[in-house]
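No value in this document is a laboratory result; all are computed from the given coordinates. If you're wondering where the values come from, they're calculated on a predicted model, not measured in any experiment. Note that we place each Cβ from the backbone using ideal geometry, even for glycine, and neighbour counts take in every protein chain shown.
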Amino acid sequence: MWAWITVTAASPAYLANIVTGLVIFNYPDYVPQRWHGTLIMWGFVVLPVVWNFWFRRMLNTLEMIGGICHVIFFIVSVITLVVLAERSPASFVFNTLWHDLSGWNNAGVAFSLGLLTVTFPITSFDGVLHMSECAKFYISPVLTTGKATKSRELELEFHTA
């Protein structure tokens with residue numbers, strides 16, 4: 001439980017670091033203070049809470065617009081990359097390995113650090129919410145339809161395997 005709570009705080013911290021890094025990159029005279037990051041984190045936490053409380057009716061519309069934009073921009077990005085990307089022969093793609101570009105001497109450490117950014121979202125609070133949502137929709141029918149079978153346990157094991 002404590003891990004879920006602390007991981008939930010990591011998302012605003014990452015976002016605050018990204019914003020601070022972009023400000024430093026674009027304004028070299030900016031001198032970051034520690035409280036700036038904390039204030040940005042609170043902004044990333046409070047803004048969605050306020051939005052969910054007072055603008056609930058607009059939330060579905062904005063989610064639909066966001067979903068449509070994701071699909072459209074994905075297609076535009078793929079088309080742009082296909083048209084403008086450099087071409088490489090298949091032998092280069094499948095026979096060339098890139099090593100030691102990250103600065104880490106151990107390939108296992110480099111792989112694990114790269115994997116961390118991909119697996120982080122499913123370990124945070126959002127991942128727990130999605131798992132509980134799936135459990136609500138998929139496990140409940142399994143338990144209720146288990147009455148028609150010989151053994152509830154066998155059916156539950158079948159569906160969770």
With +1 assigned to the C-beta of every Lys and Arg and -1 to the C-beta of every Asp and Glu, and no other charges, what is the dipole magnitude of the stretch 1-108 about the Cα centre in debye, to the nearest 20? 320 debye
Would you please give the FRET efficiency between Ala85 and Thr117, computed as 1/(1 + (r/R0)^6) with r the Cβ-Cβ distance and R0 = 22 Å, to the nearest 0.05? 0.45
Filter the chymotrypsin sites (Phe, Trp or Tyr not before Pro) in the stretch 1-96 down to the DSSP loop ones having no more than 13 other Cβ atoms within 10 Å, then list what survives. Tyr30, Phe55
What list of ³J(HN,Hα) couplings, whole Hz, do you get for the stretch 80-89 from phi and the Karplus terms 6.51, -1.76, 1.60, once you set θ to phi - 60° and write x for glycine and proline? 4, 5, 5, 6, 9, 6, 5, 9, 10, x
Which of rounded, prolate, oblate describes the stretch 43-120, given a ≥ b ≥ c as roots of the alpha-carbon gyration tensor eigenvalues and a/c under 1.5 marking rounded, otherwise prolate only if a/b is larger than b/c? oblate
In nm, to one decimal, how far is the modelled label at Ile24 from the one at Val93, with both set 7 Å along Cα→Cβ? 3.8 nm
